[in-house]
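For reference, the structure is listed below as structure tokens.
The values are calculated or read from the model by the stated rules, or taken from the named source; none is laboratory data. Model, not experiment: these values are computed from the prediction. Glycine also receives a Cβ, built like all others from the backbone with ideal geometry; neighbour counts cover every protein chain displayed.
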Amino acid sequence: MAKRNYNSNGQAKPELEKVPLTKERFKEALALFSYIRPYRFKFLISMLFIGLSAMSTMVFPFLLGKMIDAAGAETTQMKQSMSMSGSFVSDKLNQFEWSLNTIIVLLFVQLSVQMLFSFMRIYLLTDVGERSLAAIRKDLYKNLISQPMQFFSEHRVGELSSRLSADLSQIQDAISFTLAEFLRGIFTLVIGLISIFCISNELAFVMLSIVPLVAVIAVVFGMRIRKMSRKAQDQLADSGTIVQETLQGISVVKAFSAELYELNRYSKNIKSVVDIAIKNGRYRGAFVSLMIFSVFGAIAFVMWYGSTMIQSGKITAGDLTMFVIFSAFVGGTFAGFADMFSTLQKTIGATQRVRELLKNTPENLQFETAVAANHYQGSIRFDQLSFSYPSRPEVQVLNAFSLQVQSGTQVAIVGPSGAGKSTIAAMLLRFYEPNAGAIYLDNKSSQTIPLSEWRSQMAYVPQDVILFGGSILENIAYGIENIDEAAVIAAAQKANAHDFISKFPEGYQTLVGERGIKLSGGQRQRVAIARAILKNPRILILDEATSSLDSESEQLVQEALDNLMQHRTSFVIAHRLSTIKKAQQIVVIDKGTVIETGTHEQLMNNGNGLYKRLVELQFENVSKFSK
């Protein structure tokens, strides 16, 4: 698996790990490139333009060399001697009258053609890359949101976000840039090597004895410097984490007089950053100095050797210029292959991680077909339900849990902490499947009802309401397309939300901010209730929607909940028992098993009952708090 670093928010750092290029991993990466298939014609045309761009680029040194020869007014005898010594140009081209005016026109023609080829290769590959990545992003996002809840309990949100951002961006760069540069580099290398041997075999062997050595030095030092740079960035990120944690918990820092402790912690981290940066500076200094000496030394040696060949009449000054420029192309391509190989390794790692996510089996949701209409009555039956969370298989949360709820009944689920109350809500929503037993809706097993159809019959109002960062109208109408605004207003009125919404200058178009931060707790609850009312579900699941509210907000929210629960099968997960006295059926559970059932009055008359003890305990706690 890939190395994953996380910051204080649990978000994955975007650095991508390089993985070895094995045959299996390479095949895995190529499988993801199947997304290019719908755009293969454009892709093949872009490959053609890559080759033409490389070839047109290599014409430039040839014309530049001819310009120098034309300026030096080479003699016909020299040209004839050059044609005998293996010159790059043929006899016919040597006989052509290369005037300065002709060459400058040809140069601008060459540059214009190269400009066209470069534009087409970049445009076409960008088009293919963006469209392919859009398809990958859509499929990956679809697969992620279709995963069961178990998947999200085992993966960090930051990690999954990184897959959608950093990994896919790496793949995008590979399709749009790295692949093109790699192919262009191969063309350049082949044409460059052929060209320098055509100019002079002798000088070519001299150059090839020097350039690879310089390229190896560049690669070795470059890898070391990049490694140390990444280490410095990680260390700097850690120092940023210290600052973030300290400022977020500044009240704790001051309460414990830990300013000096935090300062020492930060100073120690910064000292490590400085030490790594200075060490990296020494490497970079040595690298730059050595490269200046090596590159300019190699150029000087090739120029000296070529100058002796000019004196002996083996080549012309123009051919030497061609040779040096071709050599620069060859040397630069050699050095560039190292970076491209490193990028390819990262791309292999990115595609492997993306493929792992795409291979995960999603829930059986209905994306293409419409969900069935609301034709259920809403009766629910739990039959000998047993369940353990996948992350804690040794802990039996529900144990032979059985319960029959008639349509339209208001049921309260109570019990001590850890009894399994929230797990029942999760099972109703089929976030998890039971280890044993079954759930029935109108005497139909949950296994026979498609998941999207099952959930379409239900609405969930949690204690901690999650709103999305759009408008109030968008949040109330969440999941419903082409909704009538009048229906949204009617739902808000039933939820006691219309009055406060109308007081905002933008009304229903008011943006709620991230997670609804611009609204109070009671306002968020009423928006969530309006959302549930608008859905008009057969079954309602409430997870103590008033426990964290003040008295005024609680009264408004409770009235909205009463409106919402009318004529619906309602499950109220109760923590504050004073809110469920009106429930038609109270189910007391402990250790995942039903202990008692009945109304409030019936259960309070049970002298040794768990429900009575829980009510009396809460009453005692409230009395102590009020004193």
Requested in this report: Within the stretch 481-500, identify whether any single residue is free of Cβ contacts under 8 Å to residues at least 24 places away in the same chain, on the phi > 0 side of the Ramachandran plot and surrounded by fewer than 17 Cβ atoms within 10 Å (Cβ to Cβ), and answer yes or no.
Outcome: yes
Query raised in the report: Just one of the numbered conditions (1) modelled with pLDDT under 75; (2) under 41 Å from the mean Cα position of the chain (by Cα) is not true of Glu552; which one?
Result: (2)
Query - Matching residues, the stretch 433-453, being modelled with pLDDT of 85 or more and among the hydroxyl-bearing types (Ser, Thr, Tyr) - result: Tyr440, Ser445
**Report entry** Residue among Ile501, Ile529, Ile489 that is aliphatic (A, V, I, L, M) and within 27 Å of Tyr376 (Cβ to Cβ)
**Finding:** Ile529
Query raised in the report: Restricting the stretch 509-540 to residues that are more than 19 Å from Glu559 (Cβ to Cβ) and among the hydrophobic types (A, V, I, L, M, F, W, C), which is farthest from the chain's Cα centre (by Cα)?
Result: Ile539
Query raised in the report: Do we find a residue being at pLDDT 85 or above, out of contact with any helix residue (DSSP H, G or I) (no Cβ under 9 Å at 6 or more places or on another chain) and surrounded by fewer than 15 Cβ atoms within 10 Å (Cβ to Cβ) anywhere in the stretch 413-431?
Result: no
**Report entry** Residue among Leu451, Leu403, Leu441 that alone is touching a residue at least 40 places away in the same chain (Cβ under 8 Å), under 19 Å from Asp543 (Cα atoms) and either surrounded by fewer than 20 Cβ atoms within 10 Å (Cβ to Cβ) or assigned by TED's automatic domain parsing to the domain that holds Arg613 (or both)
**Finding:** Leu403
Report task. Among the residues of the stretch 321-380, count how many are among the basic types (Lys, Arg), buried (at least 19 other Cβ atoms within 10 Å of the Cβ) and at pLDDT 75 or above. Result -> 0
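Listed here are the residues, each with its yes/no results for (1) among the charged types (D, E, K, R); (2) at pLDDT below 85; (3) under 23 Å from Gln406 (Cα atoms).
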site	(1), (2), (3)
Arg455	yes, yes, yes
Leu467	no, yes, no
Ala497	no, yes, no
Leu542	no, yes, yes
Report task. Kindly indicate whether any position in the stretch 139-146 is in contact with a strand residue (DSSP E or B) (Cβ under 7 Å, 6 or more places away or on another chain) and buried (at least 17 other Cβ atoms within 10 Å of the Cβ). Result -> no
Query raised in the report: What residue, of Val557, Val588, is modelled with pLDDT of 85 or more and among the aliphatic types (A, V, I, L, M)?
Result: Val588
**Report entry** Of all residues in the stretch 437-460 being more than 36 Å from the chain's Cα centre (by Cα) and small (Gly, Ala, Ser), the one that is farthest from Gln566 (Cα to Cα)
**Finding:** Gly437
Query raised in the report: Could you say whether any residue in the stretch 77-85 is over 19 Å from Ile194 (Cβ atoms), assigned to a helix (DSSP H, G or I), at pLDDT 80 or above and not acidic (Asp, Glu)?
Result: no
